[in-house]
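Participant: This is the structure, below, for whatever I ask next.
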Amino acid sequence: MASVVTRKIPEIVLVDKEQLGVKELFTLNMLHKTDVSEFVICPHQRETIYLNKSFERAEDLIPIINGFMEQEWCNSKGDKLYKQFEDIAGEKAVSILSAIWQDWRKERMKANAKEKADEVLKRVRKRHIRQSMKKRKGTIQAVFEVGYGLYDKKRLADFQNGAECAFTYGYLCALEDQEKQQSVVE
């Protein structure tokens, strides 16, 4: 089953170097080319960031990281936070933070898409569109088969075209239903 992140920004957990697991050590050493002795920040699972609690200014980094992770796009505010983090933690740590941010943006984009899809399905349920589509099921199947090329002996079968035709028909049905609702309201 697919899952998406639920938090708006990752959780920051203060840990010692000794608490890092094999996965975190591998990520630091192989992916980010950073020795454990230089550990300031490290990704942990999907929604958590490990921050070295023995780093002298770790508490100062937390609001900077939170602000940076809230940024959806590269902008002047993100650049300032990036520079502040680099001034405190150094060049290697800021490159790790940048990689964490890029991965986080991808995760948030998936989560945002799922949230939008949930909203669409909620509207579909509210308007009882499924029930009206059940009445048109035979027509939808026929439109798909025509688009698929079932009746055309000269053409090769094309599932994508059939699906697009069925979708277009469904879209037209939705427009008709919307026009009917608007005329009833007026």
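Participant: Would you confirm, using the coordinates I've provided, whether Glu59 is without any contact (Cβ under 8 Å) to a residue 12 or more places away in the chain, in a helix (DSSP H, G or I), farther than 27 Å from Glu115 by Cα and not basic (Lys, Arg)?
Facilitator: yes
Participant: Okay, moving on. Exactly one of these conditions fails for Arg108: (1) assigned to a loop (DSSP other than H, G, I, E, B); (2) surrounded by 17 or more Cβ atoms within 10 Å (Cβ to Cβ). Give me its number.
Facilitator: (1)
Participant: When Glu91 is evaluated against the numbered criteria (1) closer than 30 Å to Ile41 by Cβ; (2) surrounded by 15 or more Cβ atoms within 10 Å (Cβ to Cβ); (3) without any contact (Cβ under 8 Å) to a residue 24 or more places away in the chain; (4) of a type outside the set (Gly, Ala, Ser), which criterion, by number, is the only one it fails?
Facilitator: Looking at each condition in turn, Glu91 falls short on (2).
Participant: Here is a follow-up. Could you count how many residues in the stretch 1-30 are open to solvent by 20 Å² or more (accessible area, probe 1.4 Å) and either among the aromatic types (Phe, Trp, Tyr) or free of Cβ contacts under 8 Å to residues at least 60 places away in the same chain (or both)? Step through it out loud before you land on a result.
Facilitator: At the first step, the residues of the stretch 1-30 found to be open to solvent by 20 Å² or more (accessible area, probe 1.4 Å) are 1-4, 6-9, 11-14, 16-19, 21-23, 25-27, 29-30.
Within this subset, residues satisfying the condition of being either among the aromatic types (Phe, Trp, Tyr) or free of Cβ contacts under 8 Å to residues at least 60 places away in the same chain (or both) are 1-3, 7, 11-14, 16-19, 21-23, 25-27, 29-30.
Of the residues in the stretch 1-30, 20 are open to solvent by 20 Å² or more (accessible area, probe 1.4 Å) and either among the aromatic types (Phe, Trp, Tyr) or free of Cβ contacts under 8 Å to residues at least 60 places away in the same chain (or both).
Participant: For a quick check of your reading of the model, give me the residue pairs whose first member lies in the stretch 148-168 and is without any contact (Cβ under 8 Å) to a residue 60 or more places away in the chain and open to solvent by less than 100 Å² (accessible area, probe 1.4 Å), whose second is polar (S, T, N, Q) and assigned to a helix (DSSP H, G or I), with beta-carbon atoms closer than 7 Å and at least 6 apart or on different chains.
Facilitator: If the second residue must be polar (S, T, N, Q) and assigned to a helix (DSSP H, G or I), the pairs left are Tyr148/Asn161.
The values are calculated or read from the model by the stated rules, or taken from the named source; none is laboratory data. Just so you know, these numbers come straight off a predicted model, no measurement behind them. When we count neighbours, we look across all protein chains shown, and the Cβ atoms used for this are built from the backbone with ideal geometry, even at glycine. Each accessible area value is taken on the protein alone, full model and side chains, heavy atoms only, with ligands, DNA and RNA left out. Shrake-Rupley method; radii C 1.70, N 1.55, O 1.52, S 1.80 Å.
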